[in-house]
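This report concerns only the one structure given below.
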Amino acid sequence: MHSTLIDDYFNELNACSSNGAIIDLACGEGRNGLFLARKGLPVIFADRSEPSLQTINHALMAINSESKTWLVDLEQSDINPFEGKQFSAVLVFRYLHRPLMAALRNAVAPGGVIIYETFTIDNRQFGRPNNDAFLLQANELKKYFNDWDILHYFEGTLANPDRAIAQIVCRKPFLKL
């Protein structure tokens, strides 16, 4: 099942998609991006797992989608995986690699949207992930996008399954002349 944030901000994603592809970053099995692809939106599924991307490719063929997969290791420190690329929107769920944040911000087109949800430091009470490298500090996600137009922000605990997360939906401002 895809995230309810995708439903809540579908109109924004749909509007953005006329300006280019939406990237589902560290997509895993692609549940969020596949929902959008089934609705006819162009999605690039980025992940380092070849088997996951093969599964997504089969799903894309079944729905006759022109969306694409991208086999990429986002954590290679010596490269910017987004160099020369721009996306109309970005989806990130359950993934955090802080060194990628500046490049990710730059890869979103002006007026584009990012939907980001991942675990916070308070998630330790529920088990994994519990490594600081994968957990946001209080208000950290909001700080990365404090100069963008924030459409939604939540930080707290959710149930079923129990987890402590931060969510942000924001729009990159257009360049001011």
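Restricting to the stretch 123-177, count the residues that are touching a Pro at 6+ places or on another chain (Cβ under 7 Å), at pLDDT below 90 and surrounded by 13 or more Cβ atoms within 10 Å (Cβ to Cβ).
Of the residues in that region, 1 qualify.
Looking at (1) touching a helix residue (DSSP H, G or I) at 6+ places or on another chain (Cβ under 7 Å); (2) farther than 23 Å from F10 by Cβ, find the lone condition where I121 falls short.
Answer for I121: the failing condition is (1).
Looking only at the stretch 57-70, filter to residues that are touching a helix residue (DSSP H, G or I) at 6+ places or on another chain (Cβ under 7 Å) and either at pLDDT 95 or above or of a type in the set (G, A, S) (or both); which one of those is surrounded by the most Cβ atoms within 10 Å (Cβ to Cβ)?
So, considering only residues that are touching a helix residue (DSSP H, G or I) at 6+ places or on another chain (Cβ under 7 Å) and either at pLDDT 95 or above or of a type in the set (G, A, S) (or both), the one surrounded by the most Cβ atoms within 10 Å (Cβ to Cβ) is S67.
Scan the stretch 91-106 for residues that are closer than 17 Å to R171 by Cα and part of a helix (DSSP H, G or I) and report the count.
So the count comes out to 6.
Checking the condition outside any helix (DSSP H, G or I) and farther than 25 Å from D47 by Cβ, which residue from D147, D122, D78, D73 passes?
The unique qualifying residue is D147.
I'd like the full set of residues that are over 15 Å from A107 (Cα atoms), of a type in the set (D, E) and crowded, with 16+ Cβ neighbours inside 10 Å, limited to the stretch 6-37.
E12, E29
Name the residue that is surrounded by the fewest Cβ atoms within 10 Å (Cβ to Cβ), counting only residues in the stretch 108-122 that are more than 12 Å from the chain's Cα centre (by Cα) and closer than 19 Å to D147 by Cα. Break it down into steps so the answer makes sense when it comes.
Looking only at the stretch 108-122, we keep the residues that are more than 12 Å from the chain's Cα centre (by Cα), and these are 109-112, 119-122.
After this cut, where a residue has to be closer than 19 Å to D147 by Cα as well, the list is 109-112.
Values: A109: 16, P110: 12, G111: 16, G112: 24.
Top of the filtered list is P110.
The values are calculated or read from the model by the stated rules, or taken from the named source; none is laboratory data. Since the model is a prediction, treat every value here as computed from it, not as a measurement. Neighbour counts run over all protein chains shown; Cβ positions are idealised from the backbone, glycine included.
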